[in-house]
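A.B. asks: I have a structure here, written as structure tokens, and I will follow up with some questions on it.
The values are calculated or read from the model by the stated rules, or taken from the named source; none is laboratory data. Values in this document were obtained by computation on a predicted structure and should not be read as measured data. Ideal geometry is used to build each Cβ from the backbone, glycine not excepted, and the neighbour counts take in all protein chains shown.
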Amino acid sequence: MKPPLTLGLGAIMVAMILWFVPSGGAADRVLTDYRVDQWPVNCPPAWQASLEDALHRIPKLSIQDAHAEDAALRVVDELPWVMPGTVSITRALPEGLRLAYVPRRPRAVLVRQGQHLAVLGRLGAVLPDGLQPQIIDSLIHIQAPQDYVVPAPGSVVAHSFLQSALDAMTVAYKLRNEANTPIVRIEPRPDYPSSTSNIAPPVSFVLANGKRIEWGRPQHALGPFDRSTEKRLARLKVAFARYPGLEGIRALDVSSPAMTAIDMAGRPVKFQLK
């Protein structure tokens, strides 16, 4: 097999080209004679091996066969690290078929008591093992419910808190990257009772130094007294202006009708809000 070229794992669209090696005339080109010329950058060897194994399971079909495109497309579409429904295929005769797809992008690490359980994609799908440690180390953690059983790779996590945490993840990364707020973990708000699987609980952002930002419920599950994402971000801006990096603040609640905070001595902090 020819050494693979590289593309970006985080790219919006990644092309994979399958060239089918002739063993005689054009009618003898079959889907079991292939080579992969392009991979996503940093695509884990285990993910590459899963694709190669899947390609070897394709029924022996001529490249000229009307079902050849569907057979190749179905194999890639079923891989747990490829976003379902994003695979497209075009013929590049006489050399082979060109497949394009969107790989799932790692978004968070599901943990319990400090132990890594799984890496989740943007929409909550469980990604296969094999991602490089430097990628995993860069991700924000989500605390898994105590009795939650992680589904198989490719399946989407089905729990209200996990979906709430994933919904809040965009804000968490925005705060970490743009506001220099070192958020390392998302977990349920500690002063709320454990939720049932069909009720979205409020979430907390936990910083590297143990400080907390009580963020609240996701935008789609706001109650009558919950603040919108825009208002919560505006409140954070007020808090950051008065306490850069939340210096001197132990916990900050931006979801309540009146923003509240607790200082390092356990005293309440008052803010003037417009």
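A.B. asks: Do the conditions hold for Ala118, that is, is it farther than 21 Å from Asn42 by Cα, at pLDDT 90 or above, of a type in the set (Gly, Ala, Ser) and touching a strand residue (DSSP E or B) at 6+ places or on another chain (Cβ under 9 Å)? Working first, answer last.
C.D. replies: Details: farther than 21 Å from Asn42 by Cα: no; at pLDDT 90 or above: yes; of a type in the set (Gly, Ala, Ser): yes; touching a strand residue (DSSP E or B) at 6+ places or on another chain (Cβ under 9 Å): yes.
Answer is no for this residue.
A.B. asks: Still on this structure, I have one more. List the number of the failed condition for Glu187; all other conditions in (1) modelled with pLDDT of 90 or more; (2) in contact with a Gly (Cβ under 9 Å, 6 or more places away or on another chain); (3) closer than 20 Å to Val111 by Cβ hold.
C.D. replies: Among (1) modelled with pLDDT of 90 or more; (2) in contact with a Gly (Cβ under 9 Å, 6 or more places away or on another chain); (3) closer than 20 Å to Val111 by Cβ, Glu187 violates only (2).
A.B. asks: Can you go through Gln115, Gln132, Gln146, Gln163 and tell me which one is surrounded by fewer than 16 Cβ atoms within 10 Å (Cβ to Cβ) and within 28 Å of Arg232 (Cβ to Cβ)? Walk me through how you get there before you give the answer.
C.D. replies: Details: Gln115 fails: within 28 Å of Arg232 (Cβ to Cβ); Gln132 fails: within 28 Å of Arg232 (Cβ to Cβ); Gln163 fails: surrounded by fewer than 16 Cβ atoms within 10 Å (Cβ to Cβ).
Result of the check over Gln115, Gln132, Gln146, Gln163: Gln146.
A.B. asks: A further question follows. Out of the residues in the range 90-102 meeting the condition of being surrounded by fewer than 20 Cβ atoms within 10 Å (Cβ to Cβ) and touching a helix residue (DSSP H, G or I) at 6+ places or on another chain (Cβ under 8 Å), tell me which one is modelled with the lowest pLDDT. Talk me through it step by step, then tell me what you get.
C.D. replies: Kept after step one, since they are surrounded by fewer than 20 Cβ atoms within 10 Å (Cβ to Cβ), are these residues of the range 90-102: 90-95, 98, 100, 102.
Now drop any that are not touching a helix residue (DSSP H, G or I) at 6+ places or on another chain (Cβ under 8 Å), which leaves 91, 94.
Numbers: Arg91: 76, Pro94: 64.
The qualifying residue modelled with the lowest pLDDT is Pro94.
A.B. asks: Output the number of residues of the range 56-76 satisfying the condition of being free of Cβ contacts under 8 Å to residues at least 40 places away in the same chain, closer than 30 Å to Arg122 by Cα and surrounded by 16 or more Cβ atoms within 10 Å (Cβ to Cβ). Even if it seems obvious, please write down each step before you answer.
C.D. replies: Initially, the range 56-76 is screened for residues free of Cβ contacts under 8 Å to residues at least 40 places away in the same chain, giving 56-62, 64-70, 73-75.
Remaining after also requiring closer than 30 Å to Arg122 by Cα: 56-58, 69-70, 73-75.
Of the ones still in play, those that are also surrounded by 16 or more Cβ atoms within 10 Å (Cβ to Cβ) are 58, 69, 73, 75.
Result for the range 56-76: 4.
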